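Asker: Sharing a structure below in structure tokens format, with a few things to ask.
Nothing in this text is a laboratory measurement; each read-out follows from the coordinates by a stated rule. All of these numbers come straight from a predicted model, not from anything done at the bench. Counting neighbours? That spans all protein chains shown, and the Cβs are built from the backbone with ideal geometry, glycine included.
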Amino acid sequence: MAVQISPSILAADFARLADEAAAVPNADWLHVDVMDYHFVPNLTLGLPVVEALRKATATPLDCHLMIADPDRWAPQYAEAGAGSVTIHAEAAKAPVRTLREIRAQGARAGLALNPATAVEPYEDLLPELDMLLLMTVEPGFGGQKFLDMVLPKVRRTRELVRRHGGRIWVQVDGGVDAETIGRCAEAGADVFVAGSAVYGASDPGAAIDELRAAATRAQA
Ligand code: DX5
Ligand code: ZN
């Protein structure tokens, strides 16, 4: 599994998003946290910002929708040019239809699980998925402490994915930094979201290199 790093612009300067995207040329993705004040107690950005960002950077956008009605909105993020669109299992009412619509628009389809949501009930959904996102904090805010209790689920998810051919990426999101990323990689994650660990660093590009090296070491 190749290590991929997806810096979260939640920790970037929202007034200078194009510059912040340019500050991480070595990122595999730009993680875009969409929050709606309903699914989570925070409000960030939506489609117009994703459309603008799409034009401002060549880095593919990894849109994480923390919104109450992903069935209604997710396909539009794919249509806006996101390379990956992830919906929450706790919010989707018609995940099969929505995931298929995301793929039909040419994007990768992801399913996110909160820390307390088990992965096993979603096994039959795996053929519809390109990525499983395991939240390693409660969603809503950057800068929270990594939850080690999610690591056993990362392991079980990797095993489930392996049994289904190993095609699906396993992403971790929340509290991922130079200290915690090794445990995530060792447990089987291969896509790593990092907000404060990248944009809180004096050199965001160097922080990505460090995270990638630590994850690659832990995988080996
Ligand atoms: C939290 C978001 C995360 C957040 C991660 O709800 O989904 O993507 O930006 O930020 P850090 O890396 O600071 O925990
Ligand atoms: Zn996120």
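Asker: Quick check on region 133-143. Is at least one of its residues surrounded by fewer than 24 Cβ atoms within 10 Å (Cβ to Cβ), more than 20 Å from N42 (Cα to Cα) and either within 15 Å of ligand 2 (Cβ to nearest atom) or more than 16 Å from the chain's Cα centre (by Cα) (or both)?
Answerer: Checking region 133-143: not a single residue is surrounded by fewer than 24 Cβ atoms within 10 Å (Cβ to Cβ), more than 20 Å from N42 (Cα to Cα) and either within 15 Å of ligand 2 (Cβ to nearest atom) or more than 16 Å from the chain's Cα centre (by Cα) (or both).
Asker: Here is a further query. Report every pair of residues separated by at least 6 positions or lying on different chains whose Cβ atoms are under 7 Å apart, first residue within region 164-181 and within 26 Å of S196 (Cα to Cα), second among the charged types (D, E, K, R) and loosely packed, with under 15 Cβ neighbours inside 10 Å.
Answerer: That search, which allows pairs on different chains as well, returns G175/K145.
Asker: Right, something else. What are the residue pairs meeting all of these: first residue in region 183-203, first residue polar (S, T, N, Q), second residue part of a helix (DSSP H, G or I), Cβ atoms under 9 Å, and 6 or more apart or on different chains?
Answerer: Going by the 9 Å Cβ cut-off, the qualifying pairs are S196/L10; S196/A11.
Asker: Still on this structure, I have one more. Taking the stated definitions as given, is T98 farther than 27 Å from A11 by Cβ and of a type in the set (S, T, Y)?
Answerer: When the stated conditions are applied, T98 passes them.
Asker: Please report, ordered by residue number, the helices (runs of 4 or more DSSP H) entirely within region 109-210 with at least 2 residues that are within 13 Å of ligand 1 (Cβ to nearest atom). Talk me through it step by step, then tell me what you get.
Answerer: On the way: elements: 151-163, 181-187, 196-199.
The helices (runs of 4 or more DSSP H) meeting that bar are 181-187, 196-199.
Asker: In region 153-167, is there at least one residue being surrounded by fewer than 15 Cβ atoms within 10 Å (Cβ to Cβ) and in contact with a Ser or Thr (Cβ under 6 Å, 6 or more places away or on another chain)?
Answerer: There is no residue in region 153-167 that is surrounded by fewer than 15 Cβ atoms within 10 Å (Cβ to Cβ) and in contact with a Ser or Thr (Cβ under 6 Å, 6 or more places away or on another chain).
Asker: Now a separate question. Name the single residue that is farthest from L147 (Cα to Cα) among those in region 173-220 being among the hydroxyl-bearing types (S, T, Y) and surrounded by fewer than 16 Cβ atoms within 10 Å (Cβ to Cβ).
Answerer: The extreme case among them is S202.
Asker: Still on this structure: Looking only at residues that are among the acidic types (D, E) and surrounded by fewer than 24 Cβ atoms within 10 Å (Cβ to Cβ) in region 56-94, which one is nearest to the chain's Cα centre (by Cα)?
Answerer: E90
Asker: Among the listed residues R108, R97, which satisfies the condition of being over 20 Å from D36 (Cα atoms) and within 14 Å of the chain's Cα centre (by Cα)?
Answerer: Being over 20 Å from D36 (Cα atoms) and within 14 Å of the chain's Cα centre (by Cα) holds for just one of R108, R97, which is R108.
Asker: For region 34-49, how many residues meet the condition of being free of Cβ contacts under 8 Å to residues at least 60 places away in the same chain and within 11 Å of L10 (Cβ to Cβ)?
Answerer: The qualifying residues number 3.
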